[in-house]
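What follows is a single structure, written as structure tokens, with notes after it.
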Amino acid sequence: MAQERRYIFHIKRFLPEISSEPFWQTYELTLSSWERVLDGLIKIQDYLDSSLGFRKSCAHGICGSCAMKINDINRLACQTLVKDLPEIIKIEPLPKLPVIKDLVVDMTPFFEKHEKILPYLINTENLPERERLQKPEDQERILEAITCILCGCCTTACPTFWINENFLGPSALLKAYRFIFDTRDTAQADRLISVVEQMGIFHCHSALNCLKACPKEINIPQHIIKLKKLAVKKALRRSLKI
Amino acid sequence: MGYTDHTQMEIVKHQYDTVIIGSGLAGLRASLEAVKVGSVVILTKLYPTRSHSTAAQGGIGAALGNEEEDDPEWHFFDTVKGSDFLGDQDAIEFMCYSAIPIVIELEHLGVPFSRTADGKIAQRRFGGHTKYFGKEPVRRACYSADRTGHAVLHALYEQALKNQVKFFEEFQVLDIVIEDGIAQGVIALEIKRGILHLFETKAIIVASGGFGKIFKVTSNAFATTGECLSILFEQGIPLEDMEFFQFHPTGLYGLGILITEGARGEGGILINGRGERFMEKYAPTLKDLAPRDVISRAILTEIKEGRGIKGKEYVYLDLTHLDPKILEKRLPEISSFCKTYLGIDPAKEPIPVVPTAHYAMGGIPTDIKGRVLRDTNGSYVAGLYAAGECACVSVHGANRLGCNSLLDTLVFGKEAGLDVAKNFKNFLRGKIPSYRIEKVKGFIEFLNSNKGAERVAPLRERLQRTLMDKASVFRTKRSLEEALEEINNLRERFRKVELKDKGTVFNQERLQAFELYHMFNLAEALVRSALVREESRGAHYREDFPYRDDQNWLKHTFIFKTPQGVEFKFKPVVITKFQPTERIF
Ligand SMILES: Cc1cc2nc3c(=O)[nH]c(=O)nc-3n(C[C@H](O)[C@H](O)[C@H](O)COP(=O)(O)OP(=O)(O)OC[C@H]3O[C@@H](n4cnc5c(N)ncnc54)[C@H](O)[C@@H]3O)c2cc1C
Ligand code: FES
């Protein structure tokens, strides 16, 4: 049975038209045990303070809009049930991205990283009349990678990204993996170069923060390790040929 | 520091050959064609991959025949019958035959479909899709686990980037300018900075999705508010078949989040409080895979007659007898959100479900090329197109079959894009007259400065409740009249709305007020169309007129807004092959 409980939402706010400095604001509200942090934020916006800014769309963890830092962990507000949290819920925008307003960050730097790894299928072969065949086990190799919702939880949790904003970051590397290991893609070499030569795979020090942060439970470090292995293997092969 | 005065603000002008509103499947698919002949910009109030299309789980219908024998002709038949014979058969035939190349093309564009053992696109069963003209269920839904929409949306977005389509994300369209019967351009608000942008253009493709948010319980994303339909409606463009709104049978109880029909396609069954598989009674052949309108009514009837689970207002969707591997491999997403939201493992416990508002069959009337119709006589608005859930071609008639919506977005998104490309040379660049800009500014000014006791959220909540209680699965003249009265009442109260957020940067309250203003129009169009149609067909069920009446009502409803109030016209259904028969499943 649903139980009601009082919560304190302690939110880091930023209203650029009022002050150039962020500030903390506290709201008290009662929520049912089945409600999510997103429901709480909506109640605040709807009934307590309409100036509170945050993004939302699907409300069930598939669109990637509502990533934020909740009690020190990057996660999706729509996938975090309040009953699993203590009475005081601390909410901040995703770290290290410019804040536009309150919990709304500018995702441009995040998406620009994706653009650097040629984020689209490239295939220069003649197209067959029907679908290209792909073995189920080959499709399964990219199955985890294609579940990425581009929410940004992983990259903004990564200590390498914190100290070096040019680092491609786990999300873009995962996207690179998604194409490099897709049997239908023919641009493997170019893409491997892009993830090696830009601040890419070899700048990942396996801090594993992304593993904990991913709301879709994708094992991102494992994917990056596979990329590293492949890059090394190809490099060796090339050096042997020379 | 301090807030900016909107009336004084600079306006940014842009010129693109084609403006597309919406970055869901329909908008993206259209862009790939239009960009072949000229510059294309997509305006979207969300970041592209946040569009509602990403939530689609189950699949795309296409008679590929990869898993068993199938035929586009059967798909055609099923769609006609599913539509309760209100769908236009020329359009349906075109869609079902185009389905095969459109899905193959998606594969070529990089969509990571699930695969059969021999490497082809995998297919599964879905409600209402059959072989041999209704004899038994067929595997027709092409899927990527239960994240089909997500897989397709990402692939199309990636291809649009590759092909130099320009995106302005988090831009909310406030006006679509039609003057002298020609599409001229679009006025949009950049949400981040709160400033206006003008797009004068040769062609406009509206691909803004549905409007499920007018209902309280819905599977639809927050942005699914439908203002673009209303913007056109206010300029005299009709809306077609608005009374037909689909309720999906299996929304998570209390949340409305969808459990895909694919779950029943994989063998899931519905159970009432007595442990009976009640669909056997309502649809002896297709049972749990009957069309959605039939199942939604069946569930609510069970509940009404006291056979909900423990007498409560839900039934069970039971997947516990399925091979756990199927849940893991083919339905991972729904398994995970049952666990997250309800603490239920669907492999071990049944899932509590009720119908949830899901899909608008009606919308902006278009022809097969996506051209927006201005009347029932086939005349259209030059340079204006619509595709996807916002449009009504009509391929879904009175009830859409599962998997036919993604198909519709793709087939007719592509057609709209192709037609723009083909006629491109004849289109002139539009002009937005200054009075239109002043009007938009005036509305923003009203929202900024109006004083009164009303607030956006409570009014919206009231509207959503009204539609849910009085105009959803079961309707009567009385309930609809009450709904209409309440809508008018709420609209009146909206005049006294006051916004508390006075900011320009990412002012969501103002956007929501703007959306609410338009939701009143859509709610009214829906309720009035439902009042007019004195019969029951597909998703439109009138308890006071419980039978289908082909004699009088085998026709499309067109509602027009005129200075004198709303007006109706009707358009005959196109019937080519399949004569209406009784709909038994
Ligand atoms: C949970 C769920 C599951 C589904 N599963 C299936 C399925 O398995 N198979 C199937 O065939 N169908 C399914 N559907 C239906 C299908 O997903 C939708 O009908 C379809 O995705 C609609 O696509 P669209 O391109 O028309 O619009 P959407 O994807 O809704 O996109 C609308 C776009 O318009 C933009 N927009 C709207 N208004 C404005 C404005 N004023 N200014 C700027 N931009 C604006 C939005 O930002 C968005 O980008 C499902 C629906 C739901 C809710
Ligand atoms: S709202 Fe879509 S992921 Fe949270």
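The values are calculated or read from the model by the stated rules, or taken from the named source; none is laboratory data. Just so it is clear, the model here is predicted, and its values are computed rather than measured. Heads up, the Cβs are rebuilt from the backbone with ideal geometry, glycines too, and the neighbour counts pull from every protein chain shown.
The set of residues in the stretch B:192-215 being in contact with a strand residue (DSSP E or B) (Cβ under 8 Å, 6 or more places away or on another chain) and surrounded by fewer than 24 Cβ atoms within 10 Å (Cβ to Cβ) consists of B:LYS192, B:ILE195, B:LEU196, B:HIS197, B:LEU198, B:GLU200.
Of the residues making up the stretch B:455-473, those that are assigned to a loop (DSSP other than H, G, I, E, B) and under 20 Å from the mean Cα position of the chain (by Cα) are B:ALA471, B:SER472, B:VAL473. Close Cβ contacts (under 9 Å, 6 or more residues apart or on different chains) running from residues in the stretch A:103-118 that are surrounded by fewer than 19 Cβ atoms within 10 Å (Cβ to Cβ) to residues that are part of a strand (DSSP E or B) comprise A:ASP106/A:VAL99; A:ASP106/A:ILE100.
For the stretch B:216-230, a residue qualifies if it is more than 8 Å from ligand 1 (Cβ to nearest atom), more than 12 Å from the chain's Cα centre (by Cα) and outside any loop (DSSP other than H, G, I, E, B), and exactly one does: B:SER230. Of the residues screened, A:ALA189 is not one that is hydrophobic (A, V, I, L, M, F, W, C), out of contact with any helix residue (DSSP H, G or I) (no Cβ under 6 Å at 6 or more places or on another chain), surrounded by fewer than 18 Cβ atoms within 10 Å (Cβ to Cβ) and more than 30 Å from A:LEU127 (Cβ to Cβ). Please tell me if B:GLY82 is away from chain A (no Cβ under 14 Å) and either away from ligand 2 (no atom under 16 Å from the Cβ) or surrounded by fewer than 24 Cβ atoms within 10 Å (Cβ to Cβ) (or both). Yes, satisfied.
Taken over the stretch A:65-97, the criterion of being within 14 Å of chain B (Cβ to nearest Cβ), out of contact with any Ser or Thr (no Cβ under 7 Å at 6 or more places or on another chain) and not aliphatic (A, V, I, L, M) is satisfied by A:CYS66, A:ARG75, A:CYS78, A:THR80, A:ASP84, A:PRO93. When you check B:GLY370 against the structure, is it buried (at least 24 other Cβ atoms within 10 Å of the Cβ) and out of contact with any helix residue (DSSP H, G or I) (no Cβ under 7 Å at 6 or more places or on another chain), yes or no? Answer is no for this residue. Note on the stretch B:192-224: residues that are more than 15 Å from ligand 2 (Cβ to nearest atom) and of a type in the set (Ser, Thr, Tyr) total 2. Right, B:PRO112: facing chain A (nearest Cβ under 10 Å), modelled with pLDDT of 95 or more and outside any loop (DSSP other than H, G, I, E, B) or not? No: the conditions fail for B:PRO112. From the list A:THR147, A:THR155, the one residue that fits, being β-branched (Val, Ile, Thr) and facing another protein chain (nearest Cβ under 8 Å), is A:THR147.
Any residue that is away from chain A (no Cβ under 14 Å), crowded, with 24+ Cβ neighbours inside 10 Å and closer than 23 Å to B:ALA122 by Cα - is there at least one of those in the stretch B:40-57? Within the stretch B:40-57, none of the residues are away from chain A (no Cβ under 14 Å), crowded, with 24+ Cβ neighbours inside 10 Å and closer than 23 Å to B:ALA122 by Cα.
Considering only the stretch A:146-173, how many residues are among the hydrophobic types (A, V, I, L, M, F, W, C) and farther than 18 Å from B:VAL152 by Cα? Lay out the reasoning, then the answer.
Just the residues of the stretch A:146-173 that are among the hydrophobic types (A, V, I, L, M, F, W, C), to begin with: A:146, A:148-151, A:153-154, A:157-158, A:161-163, A:167-168, A:172-173.
Pick out the ones that are also farther than 18 Å from B:VAL152 by Cα and you get A:153-154, A:157-158, A:161-163, A:167-168, A:172-173.
Of the residues in that region, 11 qualify.
Taking B:GLU261 and the conditions (1) closer than 30 Å to A:LEU81 by Cα; (2) free of Cβ contacts under 8 Å to residues at least 24 places away in the same chain, which numbered condition does it fall short on, given that it satisfies the others? For B:GLU261, the failing item is (2).
With respect to the conditions (1) outside any helix (DSSP H, G or I); (2) surrounded by fewer than 22 Cβ atoms within 10 Å (Cβ to Cβ); (3) touching a residue at least 24 places away in the same chain (Cβ under 8 Å), B:HIS556 falls short on a single one, namely (2).
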